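The values are calculated or read from the model by the stated rules, or taken from the named source; none is laboratory data. Just so you know, these numbers come straight off a predicted model, no measurement behind them. All Cβ positions, glycine included, derive from the backbone under ideal geometry; neighbour counts span all protein chains shown. Remember, those area values only see protein heavy atoms, side chains included, never the ligands or the DNA or RNA. Shrake-Rupley method; radii C 1.70, N 1.55, O 1.52, S 1.80 Å.
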4 protein chains.
Amino acid sequence: MLIVMEAGARPEQIEAVVRHIEKMGLKAHPIPGAQRTAIGVTGRQGMKDPGFVENFPGVKEVIHVSHSYKLVSREAKPDDSVISVGGVDVGGTGVVVVGGPCAVESIDQTRRIAESIKLGGGQLFRGGAYKPRTSPYSFQGLGEQGLEILARVREEFDLPIVTEAIDEPTLKLVEQYADCIQIGARNMQNFSLLKTAGRSRKPVLLKRGMSATLEELLLSAEYIMSEGNYNVILCERGVRTFSDHTRNTVDLSIVPAIKRISHLPILVDPSHGTGKRNKVLPMSRASIAVGADGVLVEVHHKPEEALSDGPQAILPATFAQLVREVDAIAQVLGRTLQPALATS
Amino acid sequence: MLIVMEAGARPEQIEAVVRHIEKMGLKAHPIPGAQRTAIGVTGRQGMKDPGFVENFPGVKEVIHVSHSYKLVSREAKPDDSVISVGGVDVGGTGVVVVGGPCAVESIDQTRRIAESIKLGGGQLFRGGAYKPRTSPYSFQGLGEQGLEILARVREEFDLPIVTEAIDEPTLKLVEQYADCIQIGARNMQNFSLLKTAGRSRKPVLLKRGMSATLEELLLSAEYIMSEGNYNVILCERGVRTFSDHTRNTVDLSIVPAIKRISHLPILVDPSHGTGKRNKVLPMSRASIAVGADGVLVEVHHKPEEALSDGPQAILPATFAQLVREVDAIAQVLGRTLQPALATS
Amino acid sequence: MLIVMEAGARPEQIEAVVRHIEKMGLKAHPIPGAQRTAIGVTGRQGMKDPGFVENFPGVKEVIHVSHSYKLVSREAKPDDSVISVGGVDVGGTGVVVVGGPCAVESIDQTRRIAESIKLGGGQLFRGGAYKPRTSPYSFQGLGEQGLEILARVREEFDLPIVTEAIDEPTLKLVEQYADCIQIGARNMQNFSLLKTAGRSRKPVLLKRGMSATLEELLLSAEYIMSEGNYNVILCERGVRTFSDHTRNTVDLSIVPAIKRISHLPILVDPSHGTGKRNKVLPMSRASIAVGADGVLVEVHHKPEEALSDGPQAILPATFAQLVREVDAIAQVLGRTLQPALATS
Amino acid sequence: MLIVMEAGARPEQIEAVVRHIEKMGLKAHPIPGAQRTAIGVTGRQGMKDPGFVENFPGVKEVIHVSHSYKLVSREAKPDDSVISVGGVDVGGTGVVVVGGPCAVESIDQTRRIAESIKLGGGQLFRGGAYKPRTSPYSFQGLGEQGLEILARVREEFDLPIVTEAIDEPTLKLVEQYADCIQIGARNMQNFSLLKTAGRSRKPVLLKRGMSATLEELLLSAEYIMSEGNYNVILCERGVRTFSDHTRNTVDLSIVPAIKRISHLPILVDPSHGTGKRNKVLPMSRASIAVGADGVLVEVHHKPEEALSDGPQAILPATFAQLVREVDAIAQVLGRTLQPALATS
């Protein structure tokens, strides 16, 4: 922490701040400057927040320096984490494409889309059985029946499953049926759910909240890891801004920023990120080009009949093209498309 | 819904859109214009999303018109809702001041602050027993012991209690001990929690999410009401923007905007809204001046020792001044400070 | 400036940073901590930016501490500036209401509105002769003819005039005709225009840009002051955010934030800030309640025929009510409505 | 325009709106729906804004449908515009890399960087002679002397020049010396400057404002084109959001969005977009992958001594790598790096 004093701060005001810091068991390092004094604070901060000195007379500003994430950090683990999702590695040199419908609607719809994901070259299958919807009157998902459909599709097509849990009871079920538990953007700071996910043995795909900073995303991952589950995959899915030509603004620069700080893999979801079908292919290419470990896209064979998010789903033919282009771009970066599981 | 065709859209493209809309059981009303054709869509939209036509050739844009909130709307209930929190009315002509610490830390701390809230003229007491914290290593609240402290303080000072629930189990406990269940900003779209709150008999204070639109806030309230609990109080607590001189940007104009559309009462929380002690008093005055039904502020007798959010807590003396100024401003609007419960 | 080293930074990396800082003529103060070392930097920064050390190996983060505004600061001038606009004081204990149409459309329209401003109790008159419009096909103002109309209206009603200049030639004209030169939000960082305004003798009303931080607003004021014109009035007019129920989001907490740091007066413009007629009255009350030195509102006697921004203009009767309510709220804060000029 | 009436709107209220619209010379098309009536408005809107009906009783919302851009639109010109900058084509199937220092500092510095741009494979040279700086105390550029240096460098290395004009007088000079006039983000809505640029014969590089929507960017381009200069190149350079890990948030999805609507070429500037040297290479790759017509990057041979924006400048070696990677990615999209001018 750094405390910046006002230009006209009196010596006794500086002294009062120093004394307060030291009373908290921390160390204060006054740095007199040409115009004003700054006070560096070191030592392990306990439960009390030294930020309070902001209200002391003569204090201009308090700047927080240290970050509270530990386990997610490259300082804790320098090498990239590679996380196995049902046998498919996420992270490392490989790149993955996760495809599937927004929501599982029926066995027939799910099988048809899964087939096109497999044929198109995708390695993982996504589809929601529990849908967090803004309106209580929208389709909320098939529930456990949806999970059963997903499990059948995995057997048939050898596609490991990523699906969302929205509360503790559904997390217990998702854990049984799926290969990777998705925590959605709206639950990124549902700390009870994060802790429950942290006690699971299944990998967790954690989506960035709609207005979460990089630090908050990492701290939410830290919640999961601090409970013992180290298999966390991050996912950028667009943030809320004033910009209105897409549903959200995809913040691709978070990918190299995360890579510098953390060892965790990161995917990008351009379907929710843009909310527009015609932006999914170009933004998928850009995601791989910026260094993401894969993309997560919505695919529907009849998007005009989808029960949710039809306008952003791409067709199976576009999906196959997407996999090819993503592969070609990965190779420019010296990476390759992760092999899919062999059909058993 | 309104579908805007491109200037050069061909008649058969317009026809294809009209046919698609009608196949969905809706009615299409083409409106030929000077430059382009628009197509109005009416009828009760079912589960399928007609927004998909955005991807049809010749379509420029799809504009959604109708809102899915019903019960929260003045169209459903023209008169202001007045909600009793442990005997204190929220909404109507009265204005309330809710005060208390960010977190319940001990019986002693809580009693001292409660006493100053009562003496200072506050009508309701707030304090967290369950704290949603960005970092897993921060103080997370005293839990049920905190609720017991709050209940004792209510008995002693006749101050009804508002406190946060962070998941289903804690909601069950909060319901037993408190007079009003708070759903925090991070849980505004935790739909499972909203539904559980909707099955409670206790009033719910619903805080706006950090990047929630007015419509999303109302739809989250609709989740609670659609389960049968009509006692919902909204709360603006600042949104995330680029503006960095306060922790969040308080969006006061949502107050008159909500009042136009909804019958629900709305409070403002300038403590979380600004994150700065010295902004709480002026923003409380502004909140009442803009038409809010009250404010929710953090008070601590020793903010420098607070276990959370010390920098934004005001002192008891400032709280008393705040109540006086809020009262004076309420009177300019023909309102009055709600009477506190008589000490039994 | 504070340089934060990574936890694992090696002594020679720290040394390299220190040497680089000192080579620039600055002083480096290493502060070893429990986990990592931070390096405080002091001394007068010249033209070279020491921020570059961010790219040195072992450096985690560079935090800028000092601000470059000087003349706008309370550190330079502790007392509130009071600025005379054609004889009406802005700042100090008085509060002003500036009213008028968005655009000057005709002598008749301007006279009728000016009469209602005077009768309603406003002290200053606003109206645009040069309109910066998003589209080149929108009405761009009457130009110098509009300035002549404003000058006639001032004579008739004894209302000093605030009007916008959009480039150097129009600033020269505005300076001749008006009492206060407005620099609009879109030109807040048009530094050539700011410098030209700084060489004028007339007071300048500087509006906050749509995505300007507090610091950028103050630095734009600093541009004007550093050229010798100390008569700057700031104005909050809403910022761009995701929030879509109003055209912009009025950031009222900037008012007390500015008051802490700067001696300059600050007004609020709730007409542009909200873009909605029905929000102007409540947001005007809130502006005064938060501590602004006045409000700037758009008034039109026939808003449905206004050539620009009709939806946000209030009627003369609402204006009179606004002045009364603003006055009542000012009194709660121990302030009074500034007296209008006596009609000569 | 579409006017949405409230659910309970009375027939005479609907009638009043229709009459008002028709009095303005427009046509009203009432569309009765299950819950409420909507009114489509067609006809050529004149100077009066029909948006005012928002304030009529019974009106819930007014939705603007038509856009006011014309010349920038693909409806006006279906084929991609290809714009020659000193003999190098921008737009079409080629991709360009524009490199150079943030500011021209000396002939020596400029020559050395230009040499590395040429050797590294860049086609165009950038460098500021007039720098719009947030603080009046920062280095403001060498002025005309800087333009002379740029002109010499062009002769020596056959690199056409892109450089910024900040007001009318500097635009006249830039026009004489350079091959392309840059209008910076802060001046995107400096409409006087846009009109002046519109009367120039030189191509204009128009940067998106920090909080400009897609529509506003296109309308600013329309300002230039409506004065007769059709050679406009757009440029995304990051927007202001809450996200704090980069200086701005690069909104790459605007590239395919612009391509759908407009025939104008668009570049991306990842240097200003991220403000971080280590993000420039990955974001350049992503820019080409998403479909941009090129990138604009800051290069410095001694970034630690740069007079401005040193932390975001890349080294010559990184620039050469960037050109190679951008080329490889362009080829995945069936594009090629535009050939540089042959050295004369």
Among bridges DSSP assigns within region C:37-166, what percent are antiparallel (round to 5)?
40 percent
The simple spin-label model distance between residue A:61 and residue C:119, using points 7 Å out along Cα→Cβ, in nm, is 5.1 nm
Once exposed loop trypsin sites (Lys or Arg not before Pro) are cut out (DSSP; at most 12 other Cβ, 10 Å), longest piece of chain D
D:45-198
Carbon and sulfur %, accessible surface of region A:143-207 computed with the full protein complex present, 1.4 Å:
45 percent
Which of the aspartates and glutamates could a cross-linker bridge to residue C:118, judged by Cα under 13 Å and excluding same-chain residues fewer than eight apart?
C:155, C:156, C:158
Region A:200-344: relative contact order in percent, alpha carbon pairs under 8 Å with at least 6 residues between:
17 percent
For region D:281-344 and region B:267-319, what is the separation of their C-alpha centers, rounded to whole Å?
49 Å
Using only Cα positions of chain A, each an equal point scatterer, no hydration layer, compute I(q)/I(0) via Debye at q = 0.07, 0.10 Å⁻¹ and quote the log10 values to two decimals.
-0.35, -0.63
Total accessible area buried between chains D and A, 1.4 Å probe, in Å² to the nearest 100?
2700 Å²
Counting partner chain Cβ atoms within 10 Å of every residue's Cβ in C:4-11, what's the average?
2
Can you work out the accessible area per residue across region A:85-173, with the rest of the protein chains kept in place, probe 1.4 Å, in square angstrom?
31 Å²
Between residue D:315 and residue A:227, the FRET efficiency computed from the C-beta separation at R0 = 35 Å comes out, to the nearest 0.05, as 0.20
Given backbone amide H placed at 1.01 Å from N, residues whose amide H is under 5 Å from that of residue D:84, ignoring those fewer than 5 places away on the same chain, are D:90
Which of rounded, prolate or oblate describes region C:248-344 when judged by the alpha-carbon gyration tensor and an a/c cut-off of 1.5?
oblate
Rounded Å value of the spacing that divides the Cα centres of region D:214-231 and region A:166-182
52 Å
Around residue A:182, which amide H atoms from residues at least 5 apart in sequence, or from another chain, sit under 5 Å from its own amide H, with H modelled in the peptide plane?
A:163, A:164, A:165, A:205
Quick calc of log₁₀ I(q)/I(0), region B:93-156, Debye, one scatterer on every Cα, no solvent, q values 0.27 1/Å, result -1.11
Taking the Cβ of residue B:222 as the centre, find all other residues whose Cβ is under 15 Å away and add up their charges (Lys, Arg: +1; Asp, Glu: -1).
+3
Once normalised by the length of chain C, the mean sequence separation of its alpha carbon contacts under 8 Å that are 6 or more apart gives a contact order in percent of 17 percent
Can you compute the label reach from residue A:148? Point 7 Å from Cα along the Cβ direction, backbone N cut-off under 14 Å, restricted to region A:92-115.
A:106-108
Can you tell me what the convex hull of the Cα atoms of region D:115-252 projects to on average, as an area in nm²?
9.3 nm²
At 24 angstrom or more along the helix axis (alpha-carbon based) and mean Kyte-Doolittle of -0.5 or higher, what helices does chain A contain? Whole DSSP H runs only.
A:316-332
Taking only the Cα positions of region C:13-150, the convex hull volume per residue in Å³ is 239 Å³
For the protein assembly as shown, rounded, prolate or oblate, judged on the Cα gyration tensor with a ≥ b ≥ c (square roots of eigenvalues), a/c < 1.5 rounded, else prolate if a/b > b/c?
rounded
Hey, what does the equivalent ellipsoid look like for region D:142-221, semi-axes from the Cα gyration tensor as sqrt of 5 times each eigenvalue, largest first, whole Å?
24, 12, 11
Let me check against my output: what whole-number percent is the relative contact order of region D:105-220, with C-alpha pairs under 8 Å and at least 6 apart?
20 percent
222 nm mean residue ellipticity, helices alone, for the protein assembly as shown (DSSP H n ≥ 4; -39,500 (n - 2.57); rounded to 500):
-10500 deg cm²/dmol
